[in-house]
Amino acid sequence: MLILLNLAIFLLVFVNLPLSDSYLDSVRWSAEEDFHRWMLSRARENGFTFLNFNLYQPQLAKNEYFFDPSHLNRYGAAAVARYIAASSGISWPR
């Protein structure tokens, strides 16, 4: 008996969205660094991609990209979407 299975492969990408400079005081920045290290460890252990826009894309922390200190507005969302689409950290299907 021949059984055919349609297998779909899904790549999990966890995106840590940017926070504004005014939100990331020294206490929150320290917690953000701890979270970054923890997520990198989980990503390696479980085979998913972790993109942290707080550490690697500081230009996304501009106040004009935020509705309030921790929520992106439409301009910030568009900027983040462009970075995600262009990210070399994601294995986009061809």
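Rounded to the nearest 10 degrees, the inclination of helix 26-46 to the longest alpha-carbon principal axis of the chain is 10 degrees. Put a plus charge on the Cβ of each Lys and Arg, a minus charge on the Cβ of each Asp and Glu, and nothing anywhere else: the dipole of the chain about its Cα centre is then about 420 debye.
Starting from the coordinates of the alpha-carbon atoms of the stretch 7-51, obtain the Kirkwood hydrodynamic radius over all distinct pairs and give the value in Å to one decimal.
Kirkwood radius, the stretch 7-51: 12.0 Å.
Take the Cα of residue 82, step 7 Å toward its Cβ, do the same at residue 48, and the gap between the two points is 2.8 nm.
What number, rounded to the nearest 500 deg cm²/dmol, is the helix-based mean residue ellipticity at 222 nm of the chain, given -39500 (n - 2.57) per DSSP H run of at least four residues and division by all its residues?
Numbers: 3 runs with 38 residues, N = 94.
Taken over the chain, the calculation gives -12500 deg cm²/dmol.
With neighbours defined as other Cβ atoms within 10 Å of a residue's Cβ, the residues 10, 48 order from fewest to most as 10, 48. Rounded to the nearest 10 degrees, what's the angle between the helix 74-86 long axis and the longest principal axis of the chain, both from Cα atoms, 0 to 90? Orientation of helix 74-86: about 40 degrees from the principal axis. The value given for the chain is a Kirkwood hydrodynamic radius of 15.0 Å, derived from the mean inverse Cα-Cα separation.
Computed from the coordinates by the stated procedures, all read-outs in this text should not be read as laboratory data. Keep in mind the model is a prediction, meaning the values are calculated, not measured. Quick reminder, even Gly has a Cβ in these numbers, built from the backbone with ideal geometry, and neighbours come from all protein chains shown.
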